[in-house]
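Asker: Structure provided below as structure tokens; questions to follow.
The values are calculated or read from the model by the stated rules, or taken from the named source; none is laboratory data. Please read these numbers as outputs of a predicted model, since none were measured by experiment. Because the Cβ atoms are built from the backbone with ideal geometry, glycine has one as well, and the counts that use them run over all protein chains shown. Accessible surface is based on the protein model in full, side chains and every heavy atom, while ligands, DNA and RNA are left aside. Shrake-Rupley method; radii C 1.70, N 1.55, O 1.52, S 1.80 Å.
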Amino acid sequence: MIDVLPGGLTARHPVEGDHPQVLAVLDEWWGGLKGPAGALERSLLLPRLYFQHFTTTSLLVEREGAQADGRQGDGGNVVAFLVGFMSQTELDAAYVHFVGVDPRLHGQGIGRALYGAFFALARSRGRRYVHCITSPQNTASQSFHTRLGFTASGVKPDYDGPGLDRVTFTIDLAAR
């Protein structure tokens, strides 16, 4: 699924049982960005339905041996995830809805590997473009997406509702 992960890490598709442990890391990994309102916003952006209906287009990275008993979804060793899907309205596009990497593992290529795997999946399903968004306050995300080759928009006021401004990103997979 992903061949270029640091030692001791494996990737798989998430299952519904992974939802609580992914929610549990959001505040820590985002460093409390935007305070309690930001914590609520992040949890509302990642409801359980993504772990029920978009598992085959999403990825989860965990420490090897996390599921030593053969079960999935309760290992508690999540170190990264990407929730994405193929657009139902733009048939040449895919969308990365939410992605996170444990900050202690930043700079090790895990985020790049997640996106690379998602790009390959999108191509295999006939998609040319990948879209995603982030908040204007998340400058680290903006820098990361730009380094990957995404083109950023300016700030789009109220994109996700009143006071929920966003920066949108698009990458043309045919140009890569």
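Asker: Answer yes if at least one residue in segment 51-66 is touching an Asp or Glu at 6+ places or on another chain (Cβ under 9 Å) and aromatic (Phe, Trp, Tyr), and no otherwise.
Answerer: Yes, the conditions are met somewhere in segment 51-66.
Asker: Among the residues of segment 15-27 satisfying the criterion of being in contact (Cβ under 8 Å) with a residue 24 or more places away in the chain and not hydrophobic (A, V, I, L, M, F, W, C), which is most open to solvent (accessible area, probe 1.4 Å)?
Answerer: Here the residue is Glu16.
Asker: With respect to the numbered conditions (1) within 12 Å of the chain's Cα centre (by Cα); (2) closer than 30 Å to Gly7 by Cβ; (3) not charged (D, E, K, R), which one is the sole condition not fulfilled by Tyr95?
Answerer: All conditions are met except number (2).
Asker: Is it the case, given these coordinates, that Leu91 is open to solvent by 60 Å² or more (accessible area, probe 1.4 Å), aliphatic (A, V, I, L, M) and without any contact (Cβ under 8 Å) to a residue 60 or more places away in the chain?
Answerer: Yes; evaluated as a whole, the condition is true for this residue.
Conditions tested, residue by residue: (1) surrounded by fewer than 17 Cβ atoms within 10 Å (Cβ to Cβ); (2) of a type outside the set (Ser, Thr, Tyr); (3) at pLDDT 95 or above; (4) closer than 22 Å to Arg112 by Cα.
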position: Pro6; (1), (2), (3), (4): yes, yes, no, yes
position: His13; (1), (2), (3), (4): yes, yes, yes, yes
position: Leu49; (1), (2), (3), (4): yes, yes, yes, no
position: Leu60; (1), (2), (3), (4): no, yes, yes, yes
position: Arg63; (1), (2), (3), (4): yes, yes, no, yes
position: Arg71; (1), (2), (3), (4): yes, yes, no, no
position: Gly75; (1), (2), (3), (4): no, yes, no, no
position: Leu82; (1), (2), (3), (4): no, yes, yes, yes
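Asker: Kindly indicate which of Arg112, Arg127 is within 20 Å of Val167 (Cα to Cα), open to solvent by 10 Å² or more (accessible area, probe 1.4 Å), basic (Lys, Arg) and at pLDDT 95 or above.
Answerer: So the residue among Arg112, Arg127 that is within 20 Å of Val167 (Cα to Cα), open to solvent by 10 Å² or more (accessible area, probe 1.4 Å), basic (Lys, Arg) and at pLDDT 95 or above is Arg112.
Asker: Can you work out which of the residues in segment 136-152 that are without any contact (Cβ under 8 Å) to a residue 24 or more places away in the chain and not in a loop (DSSP other than H, G, I, E, B) is most open to solvent (accessible area, probe 1.4 Å)?
Answerer: Residue satisfying both the conditions and the ranking: Arg147.
Asker: A further question on this structure: Quick check on Gly31: is it open to solvent by less than 20 Å² (accessible area, probe 1.4 Å), over 24 Å from His131 (Cα atoms) and either out of contact with any strand residue (DSSP E or B) (no Cβ under 9 Å at 6 or more places or on another chain) or at pLDDT below 95 (or both)?
Answerer: In short, no.
Asker: Here is a follow-up. When the residues of segment 153-173 are filtered to those that are within 17 Å of the chain's Cα centre (by Cα) and not aromatic (Phe, Trp, Tyr), which remaining residue is surrounded by the fewest Cβ atoms within 10 Å (Cβ to Cβ)?
Answerer: Thr170
Asker: Kindly list, by first and then second residue, each pair from a residue in segment 94-122 that is under 13 Å from Ile171 (Cα atoms) to a residue that is crowded, with 16+ Cβ neighbours inside 10 Å and modelled with pLDDT under 95, limited to pairs with Cβ atoms under 9 Å and residues at least 6 apart or on different chains.
Answerer: Gly116/Ile2
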